[in-house]
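Working notes, structure below.
The values are calculated or read from the model by the stated rules, or taken from the named source; none is laboratory data. What you see is a predicted model; the values in this text were computed from it and never measured. Quick reminder, even Gly has a Cβ in these numbers, built from the backbone with ideal geometry, and neighbours come from all protein chains shown. Only protein heavy atoms, including side chains, enter the accessible area calculation; ligands, DNA and RNA are left aside. Shrake-Rupley method; radii C 1.70, N 1.55, O 1.52, S 1.80 Å.
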Amino acid sequence: SAGFAELGDEGRTLQTQMVQRAGAGGMVLIGPNGQGIAVPRTKLYPWMPAFNPDPGSIGIASQSGSVSTVLSQRLAEFGFGCSKVISAGNCSDIGWPDYLEYFRRDPDTKVILLHMEGLLDGQSFFQAAKRTSLVKPVVIVKAGRTQVGMSAAATHTGALAGSDRVFSAACKQSGIIRMDKMEEAVIMAAALVSTPLPAGRRVAIVTGGGGFGVIAADVAAQAGLDVVRLSEETISKLRGMLPSWWAPNNPVDLVAGLGYADAVDLIPILMQSGEVDGVMSLGMGWIYAMLDPVNSQREVRKADNKIIQMLVDRDVEHGKRMADYSRKWDKPLLVTSNVARLAVRRGYAGLLEILGRKFVVYPTIEEAVRAYAAMADRYDFLQNHRSSDRTTKAQ
């Protein structure tokens, strides 16, 4: 449905006529220059791609049709479905403020994920964004950041992409969570579906490999998180469950102590310590990389080695416990796995125990840290607004 305002005056005239005819018939028009919509819960898929997302609680509106497909496909890779998917195109009739208001009121949508190239009315958008952000998280990936990108946006959907710095500042003021990459935006939206917001930036890191712990500590510090020094009381509790060669520290390194405590045994100590606002657990699902290596077609369910099967069974039990931990203490638990992107496709049972409860498993440390920091920002945004409301009412 291309060939309208994105091509200039002649196309813009045609687009205006189309909106007028739709209005005369009592209709609203999505697009043009898009690929349609999807409502998975009712199996309504009047759109172009063959991919039909499963029902879920993430609402997508994308200026680009192909990007809307990719966003819903990538959510599916992590076990998440969609409430609605909208290919907004040229936004000739209804636009971004309308989509935000719709998603804000939609009972099937818990998190809103947007892809945008530009705005015609920035003031209306950010006003609607703030109203919506106070009720539901809004995640956005914004294209047209450079002069080259702005020119491409103008010819793609006729969008006006203004100053990127101003846009970022307005996002922060209105509570929008802006991500730089599509993959980050997808993971962020999935994280917000059921992960409790951290009440602060104090984080504990549990890792099966010391090198990952060092990387995570660096990335966390750069993101403004506090990798706290644990108290002697907490260290003593951890020491009683770990090998004698464990070096007391945060990150808490399991030091390859087979037969000693695992991450699932240590996380409750950290959650209940009162010293952290959340926990990151690195490297779950490592057994699947051994059973299902990149250079072999062997499948996990064909494993015949008793020890390996025991490790798979243990991973399933750990997945169940991990999925319960965040809800139990109402603190975020962010689990990373280097095979996260393959878990759904290849049926990695332990990770599916977490994904099946709609908790995301992060494919990299960097993405987990970025998500934690963004959730901490959202907590601050909500707290600051509530504080302002209380002050206004008191006056």
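Table for the structure above
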{"read-out": "Calculated on alpha-carbon atoms, Rg and Dmax of region 315-395 in Å", "value": "17.0, 59"}
{"read-out": "Geometric extent, Cα atoms of region 44-122 - Rg, Dmax (angstrom)", "value": "12.1, 35"}
{"read-out": "Table column - 3J(HN,Hα) (Hz), region 56-64, Karplus curve with 6.51, -1.76, 1.60, x for Gly and Pro", "value": "x, 10, 9, x, 10, 10, 10, 5, 9"}
{"read-out": "Solvent-accessible surface (1.4 angstrom probe) belonging to Met290, in square angstrom, nearest 10", "value": "120"}
{"read-out": "In Hz, Karplus ³J(HN,Hα) per residue of region 103-117 (6.51, -1.76, 1.60; θ = phi - 60°; x = Gly, Pro)", "value": "5, 4, 8, 6, x, 7, 9, 9, 9, 10, 10, 10, 10, 9, 9"}
{"read-out": "Against the rule of thumb 2.2 N^0.38 Å, how large the Cα Rg of region 239-289 comes out", "value": "1.18"}
{"read-out": "Per-q log10 I(q)/I(0), region 6-147, q = 0.11, 0.21 Å⁻¹ (Debye; single scatterer per alpha-carbon; no solvent)", "value": "-0.40, -1.39"}
{"read-out": "Nearest 10 degrees, 0 to 90: helix 182-194 Cα axis against the chain principal axis", "value": "70"}
{"read-out": "Karplus-derived 3J(HN,Hα), 6.51/-1.76/1.60, for each residue of region 307-313, Hz, glycine and proline x", "value": "5, 5, 5, 4, 5, 5, 4"}
{"read-out": "Overall Cα dimensions of region 1-90, principal axis frame, Å, largest first", "value": "44, 27, 19"}
{"read-out": "Ratio of the Cα radius of gyration of region 205-254 to 2.2 N^0.38 Å, where N counts its residues", "value": "1.15"}
{"read-out": "Overall form of region 161-202 per C-alpha gyration tensor (a/c, 1.5; a/b vs b/c)", "value": "oblate"}
{"read-out": "Cα convex hull of region 198-283, projected area averaged across orientations, nm²", "value": "5.1"}
{"read-out": "Average accessible area per residue (Å²) across the chain - probe 1.4 Å, nucleic acids and ligands excluded", "value": "47"}
{"read-out": "Helix-only mean residue ellipticity at 222 nm for the chain, each DSSP H run of n ≥ 4 adding -39500 (n - 2.57), per residue, nearest 500", "value": "-14500 deg cm²/dmol"}
{"read-out": "Space enclosed by the convex hull of the alpha-carbon atoms of region 156-227, per residue, Å³", "value": "160"}
{"read-out": "Hydrodynamic radius by Kirkwood, which averages 1/r over all alpha carbon pairs of the chain, in angstrom", "value": "22.7"}
{"read-out": "Sites Ser124 and Arg314 - FRET efficiency at Förster radius 45 Å, r taken between beta-carbons, to 0.05", "value": "0.25"}
{"read-out": "13 Å Cα-Cα reach of Lys172 towards aspartates and glutamates, excluding residues that sit fewer than 8 places from it in its own chain", "value": "Asp164, Asp377, Asp380"}
{"read-out": "Amide H within-cut-off set for Ser83, under 5 Å, with H built and near neighbours excluded", "value": "Gly56, Ser57, Ile58, Gly59, Ile60"}
